1. Just to be sure I understand, how many residues within the range 45-86 are touching a Gly at 6+ places or on another chain (Cβ under 7 Å) and over 21 Å from ILE125 (Cα atoms)?
2. All but one of (1) more than 17 Å from GLN16 (Cα to Cα); (2) open to solvent by 30 Å² or more (accessible area, probe 1.4 Å) hold for THR141; which doesn't?
3. Among the residues of the range 240-253, is any closer than 25 Å to VAL388 by Cβ and open to solvent by 30 Å² or more (accessible area, probe 1.4 Å)?
4. For a quick check of your reading of the model, give me the residue pairs whose first member lies in the range 162-173 and is farther than 19 Å from PHE47 by Cα and at pLDDT below 85, whose second is surrounded by fewer than 17 Cβ atoms within 10 Å (Cβ to Cβ) and among the polar types (S, T, N, Q), with beta-carbon atoms closer than 8 Å and at least 6 apart or on different chains.
5. The conditions are (1) under 26 Å from GLY73 (Cα atoms); (2) open to solvent by 10 Å² or more (accessible area, probe 1.4 Å); (3) in a helix (DSSP H, G or I); (4) not hydroxyl-bearing (Ser, Thr, Tyr), and PHE315 fails exactly one of them. Which is it?
6. TRP154 passes all but one of (1) at pLDDT 85 or above; (2) surrounded by fewer than 20 Cβ atoms within 10 Å (Cβ to Cβ); (3) under 13 Å from the mean Cα position of the chain (by Cα); which number fails?
7. With the structure loaded, tell me whether THR305 is outside any helix (DSSP H, G or I), open to solvent by 50 Å² or more (accessible area, probe 1.4 Å) and touching a Leu at 6+ places or on another chain (Cβ under 9 Å) or whether it fails that test.
8. For the range 9-18, how many residues meet the condition of being surrounded by fewer than 17 Cβ atoms within 10 Å (Cβ to Cβ) and modelled with pLDDT of 75 or more?
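The values are calculated or read from the model by the stated rules, or taken from the named source; none is laboratory data. For clarity, every value in this text was computed on a predicted model and none was experimentally measured. A quick note on method: Cβ atoms are made from the backbone with ideal geometry, for glycine too, and the neighbour counts reach across all protein chains shown. The accessibility values were calculated without ligands, DNA or RNA, using every heavy atom of the protein model including side chains. Shrake-Rupley method; radii C 1.70, N 1.55, O 1.52, S 1.80 Å.
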Amino acid sequence: MRNLRRSLDDLLSIPQAVLFIVSGSFFVSVARAMSLTFVAIILHRDFSMGLVGIGLLLGIGPLVGAMVSPFAGAWSDMIGRKAVLALVLGMLSLSITVMGFAGEALAYGLAYTTAAISVALFNPISKAIISDASSERERFTHFSWRYTASNLGWAIGPIVSVVAGPATPTGFFIAGTILAALLLFLAPVVMPTLDQTPKTLAGFHQTVAALRKPLRDRRLFCLICGGMLALSVFSHWSATLGPYLVSTTTNGQQTYAILVSINGIVVLLANPILSRMIARAGGLTALLTGCVMLCASQIGFASSTASPALITSMFLLSIAEVLVVCAEYVLVDSLASDADKGGYFGVHAISNGGSFLGPVIGSLTLASLGGPAMFLLFAFMAIASALVVAIGPRATRTDPEKQDRHN
């Protein structure tokens with residue numbers, strides 16, 4: 001009874017903004033899984049788009065989102081998190097709803113790109129809000145909850161889409177409605193708890209000035225480069241592993257489905273355990289360990305197509321994914337001050353460009369050199385990621401104010 005009361009007290013003590021971001025991450029993932037995961041099928045089925053065109057369209061949204069994220073993060077520091085978060089949720093709800101009813105390829109492509117950009121902006125803003133609302137002792141725990149809730153949404157979303165009708169307008173309409181309800185809940189319940197200090201409207205020059213500090217931080221630059229390489233490694237398989245297994249094994253589709261399930265299950269179950277390990281070992285150690293495990297997973301995929309080897313490789317990749325994602329949050333948060341967390345998380349989101357590079361590099365290498373060569377290339381990129389990240393703590397941090405006084 002005492003433990004139950006203590007758990008209830010802990011739950012009631014969680015900041016309202018943190019609860020909203022954790023639950024909001026879950027519903028955003030459910031909405032994405034119901035709608036955006038079927039974009040490739042719809043483009044090919046309804047608009048007769050070729051594979052190259054589909055790949056470019058699927059990659060352009062995250063790429064543009066990575067480029068815009070620094071500005072969104074800086075805006076949230078200056079005009080407030082709630083305004084930027086409301087804008088992002090509104091854009092995401094509207095664009096997904098439009099996708100469900102778009103009858104032309106151009107309108108559908110523009111709506112999807114807007115949705116992909118909105119998703120790219122939601123992540124750094126949500127991280128900054130958790131960092132603002134949490135004490136330093138609880139900050140990483142709350143971020144771990146957000147990551148778990150997001151992955152849980154990806155596990156539940158496809159099931160909901162099957163009931164609603166996968167790749168149908170109904171699924172997109174339900175997803176848009178979920179996001180609209182989330183936006184309406186944000187206004188009266190969560191907004192009053194955010195941004196207690198007055199903010200001012202920021203122009204382009206003010207935004208660029210706010211980004212000067214994170215853009216000149218060499219340690220953050222190393223994290224961005226290393227993170228982009230690591231993300232390329234654990235994102236390429238969603239576009240390359242399936243075709244590779246279909247062409248090299250007798251039950252390629254079934255094997256791929258099993259590996260996808262293993263990835264989701266391992267990420268969900270391992271996150272709470274690994275979060276405690278990261279809190280004790282530190283972000284840098286966890287990130288370097290994740291990069292080494294990424295390398296081992298790629299060597300495993302390259303060396304054998306037998307089920308035990310593939311399952312072991314996917315297990316290593318899934319553990320590495322949790323280590324890298326969670327450790328990067330710890331390291332970025334340690335670099336930023338309270339006044340510029342949005343800018344730091346926004347600039348770090350440039351590393352999401354790895355979600356574009358991984359599938360593109362992987363597809364080209366798979367087509368020209370074959371699967372083993374592709375996996376070995378990504379194993380090398382994982383080691384390169386570890387080396388770049390290791391340089392970070394040794395890089396001196398440039399002080400923009402001090403430089404400005406000397407100029």
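1. Matching residues across the range 45-86 total 1.
2. (1)
3. no
4. These pairs meet every condition: ALA164/THR170.
5. For PHE315, the exception is condition (1).
6. Checking TRP154 against (1) at pLDDT 85 or above; (2) surrounded by fewer than 20 Cβ atoms within 10 Å (Cβ to Cβ); (3) under 13 Å from the mean Cα position of the chain (by Cα), the one that fails is (1).
7. So THR305 passes the test.
8. Filtering the range 9-18 for residues surrounded by fewer than 17 Cβ atoms within 10 Å (Cβ to Cβ) gives 9-14, 16.
From the residues that got through so far, the ones that are modelled with pLDDT of 75 or more too are 14, 16.
Summing the residues that are surrounded by fewer than 17 Cβ atoms within 10 Å (Cβ to Cβ) and modelled with pLDDT of 75 or more in the range 9-18 gives 2.
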